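Have a look at the structure below before the remarks.
No lab work stands behind these numbers, since they all come straight from the coordinates. Predicted model, so just to flag it, every value in this text is computed and none were measured. All Cβ positions, glycine included, derive from the backbone under ideal geometry; neighbour counts span all protein chains shown.
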Amino acid sequence: MTNRREEKREIGELDEKLMAYLRGELGEADAKKLEDMVADDEEYAGRLERLLLGEGSGGQEMTDETLSDKQQRKILRRGKWRMRLTNSAFTFGIVFLAGALAFFGNAWVGSWMHADMFRVTKDLVNFTQSGVSAGSSGSQVGALYGQIKLELREQVGAEQKTAGFLEVSNFLWNVRAEPKWAGGIREKKLFFRYPTDEKMTGDETAYLRTPAWNAMGKLPEGTVSQLAISFDRPMTLKEYESLVAQHVFAYNMETSWLAVDTGAEARGHEPDGGNLLLSAGEVWGFSDRALDYGDAPIQLQGDWDRRTATFVAEMKYLAEHERLTDDIGEDLIFGRDTRIAERYDYLQKHGVRIYGAVVTGPTKELLKLQAEKSITAAFLGKVDWWNWDRPGASGTEYSW
């Protein structure tokens, strides 16, 4: 009760001051002081406006005679503009705050999604495009929109050549991928024969090897080549390296890509005369040098368990991001289902088993693989002039 009485008393005193001002009973200094208080205090301004509108205090009423029309209009105009400015500032503050929250929230979502999108894109290039690996990249990340431009590299001899680019963009969670191969097309020359249950003799698969061996025999000494080879059985990475080392020294050949049995290769394919041939997008594997092994160095001729475990870990990552993997994979591998969960489960149960590889090096050195009886198919890819001796300095400059 005491607080309420004091509040009423303060309001009464305030109205008395304002009434005295309106009647012109205040001196010039007191009137100026009260005007400043009205300009700075919304409560004063509100009380003054109500008194002008005829809402007296304690039964008192105002008439037009107590204050000139000019004074009334000035005070009312000041009150209206104060209200407009207050409302505008409040509205602007709400809009600004909402915009700031939306911007930073969407930027956070965009950055978070960009990291997953980049990693999935890079893995799918390395795992589904035989002989091709992900190269340099550029990206843009906005509040709602993101874009990645990834270089596609293909190794022929000792040189990495640009085979095209892959552009991946997203608007929120809608993702699209668009491969742009050099010249508008990709020549598919690297094929793999999948080792089916139906056993074939060497004579029955000879037509899958003879053209490549003949062409390589006619190529001059000073050339390097790219060759896809397939074996009659899946084998471990260690077994593969031991097998090819029997014919070609490690410094005369480099394995740029490995074809891996993921258990889904035969689905949806009918063997042609007992032979099942797979090309880019149909065959899965990995580019050894493209895997992220962390800070610890990796021995490319060794560390077999660590290398295959890294590949399986990335396949697990793709399976955990199945929707994003399918969205990007649909455009990269021509609408085919990635079957990523099925492939990952198969690798967990059976391990990483190699049944083919893309090798590159001096043409005449690669021709020595002709003596390996377990090779059931050989397809010659790109051929270039001698570049096996790496220059002391080289580089590439991009326009993007």
Highest average packing first - 185-195, 240-250, Cβ atoms within 10 Å: 185-195, 240-250
Evaluated over the stretch 109-180, the Cα radius of gyration and Dmax, each in Å: 12.8, 43
Normalise the Debye intensity by I(0) for the stretch 188-385, one equal point scatterer per Cα, no solvent, then take log10 at q = 0.09, 0.12 Å⁻¹ and round to two decimals. -0.34, -0.62
Sorting check: for 150-156, 277-283, 383-389, which peptide has the highest mean count of neighbouring beta carbons within 10 Å, and how do the rest follow? 150-156, 277-283, 383-389
With an 8 Å cut-off on Cα pairs and a minimum separation of 6 or more residues, tell me the relative contact order of the stretch 109-180 in percent. 23 percent
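Based on the Cβ-Cβ distance of L219 and A115, what FRET efficiency does E = 1/(1 + (r/R0)^6) give at R0 = 41 Å, to the nearest 0.05?
0.40
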Relative contact order for the stretch 188-385, counting Cα pairs under 8 Å that sit 6 or more residues apart, in percent: 51 percent
Evaluate the stretch 246-317: find the radius of gyration of its Cα atoms, find its Kirkwood radius, and give the ratio Rg to Rh. 1.04
